[in-house]
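Read through the structure below, which is laid out as structure tokens, and then see the notes.
The values are calculated or read from the model by the stated rules, or taken from the named source; none is laboratory data. Quick caveat: nothing in here was measured; it's all calculated off a predicted structure. Every residue, glycine as well, gets a Cβ built from its backbone with ideal geometry; the counts of neighbours run over all protein chains shown.
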Amino acid sequence: MLDRFLLDGSEDARFTILLAHGAGAPMDSASMTAAAKALADTGFRVIRFEFAYMAARRSGVRKPPPRAETLNPEYEAAIAALGAKGPLIIGGKSMGGRVASMVADDLHDKGKIAGLLCLGYPFHPPGQPDKLRTGHLKQLATPALICQGTRDEFGTRDEVPGYDLSDRIEIRWLEDGDHDLKPRKKISGFSAADHLATMAKAAKAWAERLPV
């Protein structure tokens, strides 16, 4: 395994999930680590990687996130370097999932991936609901699961049902979850761990239905 990857779960898992991080936090952030562990605990092999701008920050080079679409080649390069043997699901948290969604159809057409998993999809920038990032999702042909908190400021349960999205996309709503899928326990009755476990179980059930 190359140093650029973090691994959770068994090498013998049926499905491998490749996850990219969000715009502002690295692949080993608390939220990414917790999500990877939850997925691994349900039987996935989970691989995390970092885009170059984020990796550069570890050397003290503070680079802002580039435009998401410019990261498409980096995501494809990570898939090639990983060389997964069995069915591969790509995705990520927030921006990482958005980048994966932009390369998914080409890879799916070529038989290189089985599906797309997005954890907190950034449907629009916070406070800018008119700046939708959904154009390519209208015709998405890759089977996709988006796990989204109902109060995610990048796309709430009140907003998202009104978007024109492909029927290949399934959305699993997590009550009172924020952009990290974290709920307010006193309000929802759920903990962050509860929601991550629900997310992972939903991903497992969805993956088992994929035509691989």
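Sort out for me the helices (runs of 4 or more DSSP H) sitting completely within the range 38-140 that have 2 or more residues that are more than 21 Å from Arg168 (Cα to Cα).
Working: elements: 52-57, 72-82, 95-109.
Counting at least 2 such residues, we get 52-57, 72-82.
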(request) Any residue in the range 173-202 that's among the basic types (Lys, Arg): show its pairings with residues that are in a loop (DSSP other than H, G, I, E, B) at Cβ separation under 7 Å, as long as the two are six or more apart or on different chains. (result) Arg184/Asp176; Lys185/Ser191; Lys201/Thr42
(message) All but one of (1) surrounded by fewer than 16 Cβ atoms within 10 Å (Cβ to Cβ); (2) among the hydroxyl-bearing types (Ser, Thr, Tyr); (3) closer than 25 Å to Leu132 by Cβ; (4) more than 18 Å from the chain's Cα centre (by Cα) hold for Tyr53; state the number of the condition that does not hold.
(response) (1)
(message) Being touching a residue at least 60 places away in the same chain (Cβ under 8 Å) and small (Gly, Ala, Ser) is true for just one of Gly155, Gly120, Gly149. Which residue is that?
(response) Gly120
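From the list Trp173, Trp206, exactly one residue is modelled with pLDDT of 95 or more and in a helix (DSSP H, G or I). Which is it?
Details: Trp173 fails: in a helix (DSSP H, G or I).
None of the others qualify; the one that does is Trp206.
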(request) Collect the residues in the range 113-136 that are closer than 26 Å to Pro26 by Cβ and touching a strand residue (DSSP E or B) at 6+ places or on another chain (Cβ under 7 Å), keeping them in residue-number order. (result) Ile113, Gly115, Leu116, Leu117, Cys118, Leu119, Gly120, Tyr121
